[in-house]
Each structure stands twice: as structure tokens, then as C-alpha cells.
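Here's the structure, in C-alpha cells; my notes come after.
Computed from the coordinates by the stated procedures, all read-outs in this text should not be read as laboratory data. Please read these numbers as outputs of a predicted model, since none were measured by experiment. A quick note on method: Cβ atoms are made from the backbone with ideal geometry, for glycine too, and the neighbour counts reach across all protein chains shown.
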Amino acid sequence: MADQHFPSWSRPSRRRVLSLMGASAAGLAVPGLFGKGSAMAAPPAEPTGQVIVGFSQEPTVFNPHMPHIEVDEGIHFSVFDPLFIVDDKGEFQPSLATEVPTVENGGISKDGLHWKIKLRDDVKWHDGEPFTAEDVKFTIELLVDPDFRSWRRDGHELVENLTVVSPTELTFDLKSPYAPYPSILAATFIVPKHILGAAEDKNNAPYNNAPVGTGPFKWVERMAGDHITLEANKDYFGEGPYLERLIYKYIPDLTVLYTQFKTGDIDVVGLQWITPDKYQEAKDLDGKSVAVVPAATVESLSFNMERPQFKDPKVRQALYHALDKQTIIDALYYGLPSPTETFMPQQSAYYNADLPKHEYDPEKAKSMLDEAGWKPGSDGIREKDGVKLAFTNSTTAGNHIREQAQQFIQQSFKEIGVDMTISNLPPAVMWGDYWMMSKFDSVVVGINFLTGSDPDVSNYLAPSSIPAKGGAGQNTWQYDSEEVGKLLKAGGSTFVTEERKAAYLKLQEVIRNDLPFLPMFQYATVRGHKSDVEGVVPNINVRIDSWDVATWYWNK
């Protein structure tokens, strides 16, 4: 009975630790992450104590369906639930749904077009109102409402004949088969119809600043620029929560973030974690569990493709030849991350290992720019048709390693006659409309392109996903490729793995050739928490650490 009533991702931590240690083939078994051999106590019978999580970026978007970045999902996973989730092994597990719909259990028809979702009957919103199928219907319809600033319409726009059969069951059809949709649903947090549905302007509703969910923690307060406090939802339907309070603390300077972890002022280091230059010291700190954990996020130097400087593909290719990414990895990141040529994580079955390898060659970069007609002016900066090869580059202010990387890239580009001015911004400004509405020239950014473990990247690369042009998605490069659009459609419309793989392998070739962004490396993150905080399990299939915060607890 326990397995039917509680999602398997929220079973006791010991079982999850053991399962993780058996998952080394996926690259997720990391020694030292769970402490130095200390015995694990059972979770408490009632929520007790608090955990302080340090984030170097500030969560500011609390409606999970408005445009947002990874750090905001730290709050979303704490306050909300999806129908089902993706666990650390890449497997779907039920959450608000009683089971994950499949062809085998009758939840999905053999042609992938007809869906039936069965829901739990024991879930309440934080205000005490019952959760029902009406909330699921409302959420899906909200995401495709043309008047709503939706962060994602891909997949949801295929839904039709959405019908509430009963409070615990709904059915719908897809206009065409769409293989990524289960992963999209696993990343779709359900919001309350009875609150948000009543708002006349859902983009500016009071709800967006004081969210009500079904999740393990309830909203208490936000102190802008400092912290967010959540408290235990004692009526939570799943296992946990075991903590009485959860505090997300905003610490923009990564050196200060590490120092506060070292001194014990924070209990868990979240996004952007411990910088690689501190790893050697951090791994030997008393009372701390520290390990290098692979993440699906890829660091890149990204372009706004609507800027005249970047419209010429020869310019983008030349800049890639002038980018000494291996030195950046070795000198600034202590060799921990893996260089990459693609947005697809190397752990994915869809990773293309045969892409052309990056070649650092500044002389070739100069030659390419000469051939393309970009000639040095009197000040040494290249220009063509009255356009100077000059642009700003932005990232999060206070991320000292990125700032050092920018300075190194700036010097490398200067040597080939390119003027890159550094203009960094506070996180809330940097990743707000400046990023989302493509107001930048270029940025240094880390992005997890996938939805769970599914290879679909329509949300980031489809021509219909350009928010600055009215699309719903995160194609902030304003990259508009008809070929990419066709490949994404082909990859999403088939459930045959080999056919999908062919589409996504080709897609990576096209992106590698077009270079709307210069891929540098896949993250190897240095994660850390106090050794007596149990249940902190890395999951390469989600974008944030606190995906399983319901079952964190103190072993004291």
C-alpha cells in the first residue's frame, strides 16, 4: 500500500542513497556526497529544525508558468507539485497523479494521441481547498492562453478535447503524437484555479508574489534582496516534509557564498555552488560533505543573433577559433568540467560525439574575418559596411570566475581586432527582461537545455520560441532556422528511439555549424552540504538542487 500512496522518489533517504550508489553507469554516483561514513538516523516523526540554502542568484518569479530561470525552480519544487516527476535515474514517478500514464496501463493510446490522467483524492492546496482535475485543466489552458506571458507553450498547444471526467480524472487528445510531452508534464507544476483563475490580469496577479501550492512547503515571506522563508506543509500528501522551515538565502558573491558555507552560516550550497578554485580546501572541511557532481548545464558565450555584428556566420566561427576554452577550463575551473561542442549532455543517449572538435587558432580567426570583409579600422577594431565588430558581454555580477573568464575572452578577442566591453548586472536584472527579451549583445550563461532527460530542445531553439518576437519559450538568441524547426518537429513526432536519435544528432550538427552560441563546457559542479543534512541527492534530470527537499532532514 505504501508504494501506491507515496511517490517512490520520496521514500526514506537510505534507500535513495543506496540507489544512487548503484547508478554509477549514469555518472551520478559521487563519493563523499553523503558524509564520511556517519550512521543515518531515521527521519523525524514531525517536522523539526530548519535548513538554510544559499543561492548566488535571487529567485524572483514565483508563478512557475511565467518566464523564469533555474534558480526560480528552487522555490517551485518546494511549493508546488507536478503530475509526476523525473527521479535521479531518469525514471518518471507519480506525484499528483496516482500513476504515470503509459500505453501498458491504458493511460496513453497506442498511437500516442489519447491520454487519461488519474489523480490522487487526498491532496489539499495550502489554503485547505481540495486539489482536483479542474486545477490541472486550468494549468494547461493557462499555459496556452495568448494573453498570458507563458514560459512554455510547446507540447501544451497540441492538447485538445481536455475534459474533466471527475474530480480525480481527466482526459485529453493530442493533435499529433509528441514524444517529449511526458517530460514536459513532469516539469509542469500545477497551480490553483480557485485563486489564479479568479484574477483578471494573471500576469500581474497578487498570487504571483505570494504563491499557494500543494507542495511540501508553504510560502511565508520574501525579503527582497536577502531571503525567502517557507514553512512545513503538515498536510502534505507525500512523505515529509521533515523540516519545520526552509530558508533560501540570496548571496550574490560566490566567495561570500563559500565563506558562509565554510563557517556554517548556510547548510546547503545551492546554485552556483562552490567554485572549483575552492574544491581542494572544501573537500576536507570538517562536518561538510563535498563532491564533484555532473550537471546537464552547458556554459556558453551566447549571441543575440539580431545584432548586425553576429548575423555573419563567419564572424561567429572566427570568434569560436579565438576562444581559448581549454585554458579557461584548466586555469579557472581547475580542469573539472568537460569541454563540449553541443548543448546535449554527454550522459544522454542522444549526445553527438562526432561533432567537429573546437580548434583554438587566432591566426585562422583573423584570416576568416579578413576573407569575410571585416577589416581593421584606424583604432585596430574591425569593421564592415559601417558596423564595428564591437559589442558588450554580460553575465551575473559577483560570479568571480565568470568575470575572470570574460576578461580572458576580452583580451583574446582584442588580439584579432574585436572589441568586447564587459557590462555585468545583478542577477535579478541580468536574467529578467534583459535576457528573456533579448536586450543583450552577448552573454556568458549556463543553460540546461533539456526537459528532464528528454532530448527535445524546442523551448530553446525552435523559431516559435523567441519571446522578443511574441513566442513562448527561451530562444533568447533569436535564432531562426527553418531546418532546426523541421528537425525538432521530426524528433518530437516519433516514439521510435532510432528515428528520434537521427533527428537530434543532425540537429546538433546544424547548431554546431551555425553557432548561435559558442559551447564551452558541460558543468562539473562542486556541491556541498553539512554532513548531518540527509537526503540531498543530485539529479542530472532537473535544473535545481532542491527537487527532493521534502525528504531532507537533520541527522542529529
Could you state the angle between the C-alpha long axis of helix 362-371 and the longest principal axis of the C-alpha atoms of the chain, as a value from 0 to 90 degrees rounded to the nearest 10? 70 degrees
Taking R0 as 56 Å, what's the FRET efficiency between Asp532 and Glu169 from their Cβ-Cβ distance, rounded to 0.05? 0.85
Taking only Cα atoms, what is the 0 to 90° angle, nearest 10, from helix 400-414's long axis to the longest principal axis of the chain? 30 degrees
What does the highest-first list of 279-292, 331-344 look like by mean Cβ count within 10 Å? 331-344, 279-292
Nearest 5 percent is fine: what portion of the DSSP beta bridges confined to region 295-524 is antiparallel? 70 percent
Environment charge at Val526 (Cβ cut-off 10 Å; Lys +1, Arg +1, Asp -1, Glu -1): +2
Please work out the ratio of the alpha-carbon Rg of the chain to 2.2 N^0.38 Å and round it to two decimals. 0.96
Kindly flag which residue pairs out of Lys366/Lys469; Lys124/Lys202; Lys89/Lys218 have an alpha-carbon separation exceeding 26 Å in this structure. Lys366/Lys469; Lys89/Lys218
Quick one: compute the contact order of the chain, relative version, from alpha carbon pairs under 8 angstrom and 6+ residues apart, as a percent. 22 percent
Rounded to the nearest 10 degrees, the helix 497-514 long axis (Cα) sits at an angle to the longest Cα principal axis of the chain of 40 degrees
Cut-off 13 Å between beta-carbons: net charge of the residues surrounding Ala295, Lys and Arg +1, Asp and Glu -1: -2
Quick check: net charge around Pro216, other residues with Cβ under 11 Å of its Cβ, Lys/Arg +1 and Asp/Glu -1? -3
Please list the radius of gyration and Dmax for region 295-524, considering alpha-carbon atoms only, with Å as the unit. 17.2, 58
Give the residues of region 168-189 whose amide nitrogen is closer than 11 Å to a point set 7 Å from the Cα of Glu160 in the direction of its Cβ. 173-176
For Glu415 and Glu91 in one chain, what is 0.36 nm times their gap in residues minus the Cα-Cα distance, to one decimal in nm? 111.8 nm
How would you rank Asp330, Asp173, going from fewest to most other Cβ atoms within 10 Å of each one's own Cβ? Asp330, Asp173
Just to be sure I understand: of the beta bridges DSSP finds with both ends in the chain, what percent are antiparallel, rounded to 5? 80 percent
What ranking do 156-165, 241-250, 226-235 get when scored by the average of other Cβ atoms within 10 Å per residue, highest first? 241-250, 226-235, 156-165
Rank by packing, highest mean first: peptides 504-515, 123-134, 54-65, with packing defined as the count of other Cβ atoms within 10 Å averaged across residues. 54-65, 504-515, 123-134
